[in-house]
Every structure is written in C-alpha cells, then in structure tokens.
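The values are calculated or read from the model by the stated rules, or taken from the named source; none is laboratory data. Note that this is a predicted model, so its numbers are computed, not measured. All Cβ positions, even for glycine, are placed from backbone atoms using ideal geometry, and neighbour counts span all protein chains on display. Just so you know, the surface numbers come from the protein's heavy atoms only, side chains and all, with ligands and any DNA or RNA stripped out. Shrake-Rupley method; radii C 1.70, N 1.55, O 1.52, S 1.80 Å.
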Amino acid sequence: MTQAQPSPTPSHGSSHAAPHAAPHAALSRRHLLTTGAAGTAAATGGLLLSAGAADARSGGGGGGRQGRLPRKVDVVVVGAGISGLVATRELLEQGLDVLCVEARDRVGGRVLNHHLRSGGVIEAGGAFVGPTQDHILALAKELKVRTFLEYNEGNSVYISSLTGRQEYSGTVPPDPTILPDAAILLTRLDSMAAEIDVSAPWSHPSALEWDAMSLGEFIRRNALNSSGVGNLIKSWTQPGFGADPDELSLLFVLWYIACSGNETNVGTFSRNSDTAGGAQESRIIGGSQLIPLRLARKLGDAVALDAAVKRIEQKDGRVVVRTSRGTVRAKRVVVACPPPMVLDIDWFPRLPVRRTQLLRHMDMGQLMKCDAVYETPFWREDGLNGFGINDAGAARAVFDNSPASGDPGVLLAFVGGSTWRTYGPMSRKERRTAVLEGFAEMFGEKALKPIEYTEQDWTKERWTGGGPTAFHAPGTLTDFGPAIRQVFGRVHWAGTETSTYWSGYMDGAVRAGERAALEIGERL
C-alpha cells in the first residue's frame, strides 16, 4: 500500500505560531477546508458484534447485555458513543459496577462505518486523527487499530466563479484576490485564540465583545475582499460545524481553534484544518467505527443497546434511570450524548436553568456526507490528489475518501450549513446529480459514472439530531457556557462538546469520558 507522505514544508504542530509568517506560509493546500469536525467525533456508530471479522462490519448481529437489565449498579452511563464507552471502561477499571445504556441498536455515537458493495470500508461519520490527538491515538493503539495517511500526492483543484477551474500544487489555491486577506485573517485568529483559556473561554477580557460578534462579521470588518475570503472560509465552517460563518460566535470559533492542541502545544488554525501535520493527517484502516466496536466488545455485558433513557430521578441519595428496557438504580450517572438529546429526557428535579438554557442554545450542525465510488481512483492517474474547493454548488469541499488500499476509489463531498439547506431538501436523485456534477467539474466526466453512490444525512439521525458537533451562536457562550461541565447533583457530563481539547473530535470524546470517570472516582 502506498501512503501519502507529509509535505516537506514545516509542520504547523509546534507550540508557538510564527508571529510574522509570510502570507503563503499561513495557509496550506487544505488549510481552509479540512476541518476536524469532519474528523471529529462527529457521526454515529455501529453494532456490537462478536470477535474476529465481525468487528469490521457495521450491520447484522447484536451483542452486549441481553435480557433484563440489572436492578442496581454503582454508575449508569447514558450513551454508548466513544465518550460513554471510555467512561464505562475507566469506571470498571476503578472496580465499580457499571452499566452503559444506548438508545440505538448500535454503538459508536457519531462514528459510523459504511461497507461498500464493491468491497472496502469508508466512514459515514467521524474519520480523521492527527498530531496532538494523543488520547484517541492511544486508545486505537491499545485496541490494535491501525492508521494510514490520508492521500496527499499530486495536484489539487480550485474552482472560482470568477477565475474558473485551476489545478495547483503547493500550499494555497491560486487566487490572488483572496490570499492576502486569508493570510491576515488566519494570523489574527491564531493570535486571538492563543489568549483563550480552553477551560474557560468566557473569562477572557474581550469575551463579551467576541461572543457578541459572528465569525462572518469579523471577516467583513477585517478583510478588503470579504465576500471572496468569506466564501472560502465558509468551505471550512460548513464541513467542520455544519454551519456558515454568520451562525458561529467568534468567541466559540477562537475557543475551537485554541482546543486544537494539547497541554504542551498551543492550538492553531492550521493544526485544526491541515492534512499533513494537522487534524486530517490520518484515517483508520477498516474505518473509525472499529474503535467503539472493539471497545464495546471488551466491555461485554456492561453495554445495553435499545435502551433509550426516558427519565432520570435524583432522590433519597440515589439516581433512578428509567429506560425502554427497564429501571436501574445507581449512585452516580454520566450523561454522554449530544447536547440537544439531553432535553428529551424527563428530569426530576428539573435541570438547572443555566444548564437548560445552555442545551437549548447549543445547536447541532446541518451536515451530510455524500460519497461516489469508482472502480479505481482515476484522478490519481491524472496527477490529482482528490482534494478540491469550489465556491459554489453541492460539492464545495471534496476529498479522496478511498480505503487504505486505494481500491475502490471514493470521492467525498461534505454538504453542510447553507449548502445543506439548498441541497438537503432535494430528492436523493436530484442531489446525487448535483454532487456528481460537482465532482465532474473538478475531476472530469468519469466522475459522472460511479459504480455506487451513498450518503449519510446526520440531521435525520434520531439520536444525534445533526452533525458533526454542537456549536454556539453569537451571544450564547458567555451567558451559558460556564455550565458545560458543572455536576448536577449526582449527574456528570461527558461527550466531545465538554472536552477542553479537541472538542468536536474523537479525541475530545475520549478526554471527556476519562474526565467524567475521574470526577466520579473522586466522589465514590
């Protein structure tokens, strides 16, 4: 298997950003589009399956606890995504009796594999891992799950409504009307993000000002060609958040950038958005769903599927969790599900007002992933790497999504935000035509004739409600953000959105599960 190698340009993974980088150095070829949220922990998961080859499939078979649920345990974990499964494992290792309940008939949360008819596995949800995502990489290694480098050889394609189609190599799209603005804006965003406390972004002296402003407004205030660079940055926010710049709080975006590191590496825009040296550097051989599948298989009877939580009561020094499969009493509870889903639970006593308002103001993004499958990755033969940017149409951000072997070839389009609002309501046939025409505009007429077409619309997932992550609109993070990790009686919070590093990613999901388990361990 041939793997793309990191580019010879300096990595953006150092702990400090260069304060006076040249305009072209501030951007990489995929800098504006490859968001982690695409690689986030953001997309749902698969079935609990038996050992062996079965853990490479996401359909058929069941698993986990069968029959009646236990009447009493030490801890109930709500949600069997990566975060909930990690919390369950950590609590079991503390010697506690734990039950993880999942509403779906599968584990994985926002991580989902899709098995191609022609062979091979691709990700319908969260996919990418990269430098400083130490927790998910350590978990993958423990579970004997291997990674491969995202294909990164050859030229990229850039399509502008003003300049037309261009192939290019190097670090940036060849659009001189946008590059100066982009370089200045991204340098400023990195500088501002470096001042953010990842555990308390609302504590910054300018938090109120930055939270009141949208990312879109920030762009318009600070760019000469705001429509051009704004349209380009939209091709980063739509895959990454399922939203447009005007929908995102500037403070939230700065915090998100600041989270793109770890305890020893300051977060940067490039580490969040790049391929080589960034969050999209690698994918999982066999699909990212292998991680929750193998972890759940190890947990065995500690995981119960088809067990939607209907009510959580705190009384008499205990917590009563009522599910569709029965009632369980516990000393503590970890809730590890997408924020809006928490509001579907009947709470007694009611959630604190600030917590309720927080959940109501954390909107899930609007995103779908559309994949076209070909017998071979023909674009590679033409000297193209499968990456493309278009400032219009259904296929605005395109990736080579082929399996590790490169066979078959797969092109992926992220359809998010206002692009989803245009193409999402269309019929599947109409949307397929629009996506394939976008691929053909980039890579030629061969793209019009796939052997398979598949799509995953996260807005239609009952137990997710959107994707890839929950975001803050202007004016909400300072008012309600401080409640994000506050323990509510005997209830603790996990899920990738509660992480202080790599929020919205699989790494953030692992970190959040570990933190919640540690909180409980300190109390029991």
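Summary table
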| quantity | calculated |
| --- | --- |
| Per-region count, the stretch 146-199, residues small (Gly, Ala, Ser) and farther than 23 Å from CYS259 by Cα | 7 |
| Selected residue (criterion: farthest from GLY393 (Cα to Cα)) from residues of the stretch 204-219 that are surrounded by fewer than 19 Cβ atoms within 10 Å (Cβ to Cβ) and out of contact with any Pro (no Cβ under 9 Å at 6 or more places or on another chain) | PRO205 |
| Residue count for the stretch 185-226, restricted to those that are in contact with a Gly (Cβ under 9 Å, 6 or more places away or on another chain), of a type in the set (Gly, Ala, Ser) and outside any helix (DSSP H, G or I) | 3 |
| Candidates SER249, SER227, SER260, SER235, filtered to the one that is open to solvent by less than 10 Å² (accessible area, probe 1.4 Å) and modelled with pLDDT under 95 | SER235 |
| Any pair with Cβ under 8 angstrom, 6 or more apart, that starts in the stretch 296-311 at a residue that is more than 12 Å from TRP463 (Cβ to Cβ) and ends at one that is among the hydrophobic types (A, V, I, L, M, F, W, C) and assigned to a helix (DSSP H, G or I) | ALA296/LEU85; LEU299/LEU85; LEU299/LEU92; ALA302/LEU92; VAL303/LEU85; VAL303/ALA296 |
| Lone unmet requirement of (1) within 23 Å of LEU112 (Cβ to Cβ); (2) among the hydrophobic types (A, V, I, L, M, F, W, C); (3) open to solvent by less than 50 Å² (accessible area, probe 1.4 Å) for MET426 | (3) |
| Given (1) over 25 Å from VAL86 (Cα atoms); (2) surrounded by 22 or more Cβ atoms within 10 Å (Cβ to Cβ), index of the condition ASP181 fails | (2) |
| The stretch 110-123, subset of a type outside the set (Val, Ile, Thr) and modelled with pLDDT of 95 or more, residue nearest to the chain's Cα centre (by Cα) | ARG110 |
| Number of the exception - GLY287 against (1) open to solvent by 10 Å² or more (accessible area, probe 1.4 Å); (2) in a loop (DSSP other than H, G, I, E, B) | (1) |
| Test: HIS135 is assigned to a strand (DSSP E or B), open to solvent by 10 Å² or more (accessible area, probe 1.4 Å) and either in contact with a Gly (Cβ under 9 Å, 6 or more places away or on another chain) or among the aromatic types (Phe, Trp, Tyr) (or both) | no |
| Filter result for the condition that a residue is β-branched (Val, Ile, Thr), under 22 Å from the mean Cα position of the chain (by Cα), at pLDDT 95 or above and not in a loop (DSSP other than H, G, I, E, B), over THR454, THR478, THR500 | THR454 |
| Subset of the stretch 457-475 [under 19 Å from the mean Cα position of the chain (by Cα) and assigned to a loop (DSSP other than H, G, I, E, B)] | GLU461, ARG462, TRP463, THR464, GLY465, GLY466, GLY467, PRO468, THR469, ALA473 |
| Residue in the stretch 499-522 that is nearest to CYS100 (Cα to Cα), counting only those that are touching a strand residue (DSSP E or B) at 6+ places or on another chain (Cβ under 7 Å) and open to solvent by 10 Å² or more (accessible area, probe 1.4 Å) | GLU519 |
| Inter-residue pairs, beta-carbon under 6 Å, first more than 15 Å from TRP202 (Cα to Cα) and in the stretch 256-267, second β-branched (Val, Ile, Thr) and open to solvent by 10 Å² or more (accessible area, probe 1.4 Å), 6+ apart | GLY261/THR132; ASN262/THR132; ASN265/THR132 |
| Breaking point among (1) open to solvent by 50 Å² or more (accessible area, probe 1.4 Å); (2) within 30 Å of PRO450 (Cα to Cα), for GLY388 | (1) |
| Criterion violated by GLY60 - all others in (1) outside any strand (DSSP E or B); (2) modelled with pLDDT of 95 or more satisfied | (2) |
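Per-residue answers, yes or no, for (1) open to solvent by less than 10 Å² (accessible area, probe 1.4 Å); (2) over 20 Å from ARG485 (Cβ atoms); (3) not hydroxyl-bearing (Ser, Thr, Tyr):
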| residue | (1), (2), (3) |
| --- | --- |
| VAL335 | yes, no, yes |
| GLN357 | no, no, yes |
| MET364 | no, no, yes |
| LEU384 | yes, yes, yes |
| ALA394 | yes, yes, yes |
